[in-house]
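Following: one structure in structure tokens, then a few remarks.
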Amino acid sequence: MITVKHLYKSFNSHEVLNNINCTIHDGEVVVIIGPSGSGKSTLLRCLNLLETPTQGSIIIDGQDIMTRKINIDQVREKMGMVFQQFNLFPHKTVIQNICHAPIRVRKMKKYDAEQQGLELLRKVGLRDKKDAYPITLSGGQQQRIAIARALAMQPNAMLFDEPTSALDPEMVSEVLNVIKDLAKEGMTMVIVTHEMGFAKEVGDRVIFMDGGQIVEENTPDAMFNHPQHARTQNFLSKILH
Amino acid sequence: MNFSFLGSYYTFFLQGAYVTVLLAIISVIAGTILGVLLTLMRRSKIQAVRWISIAYVEFIRGTPLLAQVYLVYVGLPMLTQLNIPDFATGAIALTIHASAYISETMRSGIEAVPYGQAEAARSLGMNSRRTMLDIILPQAFKNILPALGNQFIGNIKDSSLVSVIGISELMYETTTVRGTTALGLEPIIVCSLIYLVLTLTLTRLLTFVERRLKSSDHR
Ligand SMILES: Nc1ncnc2c1ncn2[C@@H]1O[C@H](COP(=O)(O)OP(=O)(O)O)[C@@H](O)[C@H]1O
Ligand SMILES: [Mg+2]
């Protein structure tokens, strides 16, 4: 369980997150929507401390990860992250991309890591690409590899920051399908996306952010069919048509 | 002009060219290692460490190589109380010189690696050292390989200056030949041509390797 309490983040004097409070339960899929610049990425990046919050606390399974004595690397190990730009390592093959951290950080045996890697590749439908370099793959394929790479650390939760925004339209569904499968398996996930159909389908809960605040939080059905706030209505009317 | 001296003196030039190339190879490799170290120091969290790196690089880039050669030649034995062989002295001076330039190159090579690479590595739980060694540096190296090749060519020419401390590289041997044959110009012409052949060959080789690297580019 991840609990965010009174979280603030500013870049210099620019306040980007303004008193964020939310809870993500185990096995829950939380979708974050909101206009560009509303702080969605920043919130996600605070959750694994890629950004250091200015104030507030983030409690993961009872541990406040913002206290000084916490090992940030161990927190990140257990929290997979998938980026808009894939960020695969270009100098490593697909299987090396997937196995590097398990071998180097988790100290897995090379053989075990590779077996696990092949299993993950099968899961994302790219078993035959194991020795390819990222440059030779399409965007959709790269993003599926990036998901497999994050899963290889056997995380307790996964963070997705607009995983399909950099993709050509015809590749969006292959990536979303992989994420849907994860949802079925009960993976805890926080997903920032503009794919509203997908949000409705996989989301247990939808959070609407605007201006660094959580404006509204509800089930997908309530959020999309009966938005309460004017800002939510305004945003949805723009994005749904 | 009379080049008949070559018949009996060509071995001087070959021997000299060999030492020249050896000096260049050693100094580019050792200079790269030292250069990477300086770059990492430059990125250190500890301010004093950063300052040492900056001061070193500024000093080397702001003073002539010849002065550095003499500094090492005279200063190093005094500092270490060791009897350092001349060849090693020359190699050390050239290495120190090259490392400052290589560290600047390395810095830009690291900066050219997209920030997302480090973030992806850190998000997988890799610590900052592991991220630098396994993810950033290999990509940075690839970025600066052409620049390192040029540094190597530069080192070949720079190495001529260590003749002043009696290292028998190409320039020193040329001076020897000039002395024994009493010919002023001809040995210098031969020596220059050898430098030219070396650098031109390497330039071509470099272009070739660069093209190969590009066509096999993993990105
Ligand atoms: N590293 C940064 N430095 C300064 N400003 C930033 C930085 N990252 C994000 N911001 C600013 O924070 C605001 C929110 O950004 P972001 O979280 O990326 O929004 P979203 O993901 O919702 O589009 C934007 O105004 C952006 O310019
Ligand atoms: Mg964003």
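Quick note: the coordinates plus some simple rules give every number you see, no bench work behind them. Bear in mind that the values here come from a model prediction, so they are computed numbers and not experimental data. Here the Cβ is made from the backbone with ideal geometry for all residues, glycine too, and neighbour counts use every protein chain on show.
Short to long, the 5 Å bins of the Cα pair-distance histogram for segment B:101-142 hold 6, 26, 32, 21, 11, 4, 1 percent of all pairs.
Based on Cβ point charges of +1 for Lys and Arg and -1 for Asp and Glu, what charge dipole magnitude is obtained for segment A:130-172 about its Cα centre, in debye rounded to the nearest 20?
Roughly 220 debye for segment A:130-172.
I'd like the projected area of the protein assembly as shown, averaged over all directions, using the convex hull of its alpha carbons. Report it in nm² with one decimal.
Details: hull surface 116.6 nm².
The number I arrive at for the protein assembly as shown is 29.1 nm².
Is the shape of segment B:67-219 best called rounded, prolate or oblate, per the rule: a/c under 1.5 gives rounded, else a/b larger than b/c gives prolate, else oblate, with a ≥ b ≥ c the square roots of the Cα gyration tensor eigenvalues? Provide the component values of the computation, followed by the final result.
Values: a/c = 4.47, a/b = 1.71, b/c = 2.62.
Oblate.
Amide H contacts under 5 Å for A:GLN85: none, restricted to partners 5 or more places along the chain or on a different chain, H placed in the peptide plane at 1.01 Å from N.
Shown for B:VAL69, B:VAL49: other C-beta atoms within 10 Å of each C-beta, ranked fewest to most, produce the order B:VAL49, B:VAL69. Between segment A:116-181 and segment B:94-111, the alpha-carbon centres lie 37 Å apart. Residues whose amide H falls under 5 Å from that of A:ASN48, counting only those 5 or more places apart or on a different chain, are absent, with hydrogens built in the peptide plane.
Cα centroid distance between segment B:1-35 and segment A:51-68, in Å? If you average the Cα positions of each part, the centres end up 61 Å apart. The residue list B:GLY149, B:MET126, B:THR176 was ranked by how far each Cα lies along the charge dipole of chain B toward its positive end, using unit charges on Cβ atoms, and B:MET126 comes out on top. For B:SER128, A:SER237, the sequence from fewest to most other C-beta atoms within 10 Å is A:SER237, B:SER128.
Any idea what the alpha-carbon Rg over 2.2 N^0.38 Å comes to for segment B:1-105?
Numbers: Rg = 17.5 Å, N = 105, 2.2 N^0.38 = 12.9 Å.
Rounded to two decimals, the normalised Rg is 1.36.
Counting 0.36 nm for each residue step from A:THR219 to A:ARG122 and taking away their Cα separation leaves a gain of 31.7 nm. Counting neighbouring beta carbons within 10 Å and listing from fewest to most, the residues B:SER8, A:SER57, A:SER36 come out as A:SER36, B:SER8, A:SER57. Remark: the Cα gyration tensor places segment A:101-179 in the prolate category, a/c being 1.5 or greater and a/b exceeding b/c. With Cα atoms as the point set, the radius of gyration and Dmax of segment A:63-133 evaluate to 14.3, 44 Å. What the Cα atoms of chain A give is an Rg and a Dmax of 17.9, 55 Å. If you average over every viewing direction, what projected area does the convex hull of the Cα atoms of segment A:134-241 give, in nm²? Mean orientational projected area (segment A:134-241, Cα hull): 7.7 nm². Once label points are set 7 Å from the Cα along Cα→Cβ at both B:SER128 and B:GLN81, what is their separation, rounded to one decimal in nm? A separation of 3.8 nm, rounded to one decimal place.
With bins 10 Å wide starting at 0, give me the P(r) of segment A:1-83 over every alpha carbon pair, in whole percents. With 10 Å bins starting at 0, P(r) equals 16, 54, 28, 2.
Hey, how many Å between the Cα centroid of segment B:155-219 and the Cα centroid of segment B:134-148? Their Cα centres are 26 Å away from one another. Model label sites at B:ILE54 and A:HIS229, defined 7 Å from Cα along the beta-carbon direction, differ in position by 4.4 nm.
Per residue of the protein assembly as shown, the DSSP helices (runs of n ≥ 4 H) give a summed -39500 (n - 2.57) that works out to -18000 deg cm²/dmol at 222 nm.
Projected onto its three principal axes, the C-alpha set of segment A:28-165 covers 45, 36, 28 Å, listed from the longest axis down. With the simple spin-label model, which puts each label point 7 Å out from Cα in the Cβ direction, the B:GLU210 to A:LYS110 separation comes to 3.5 nm.
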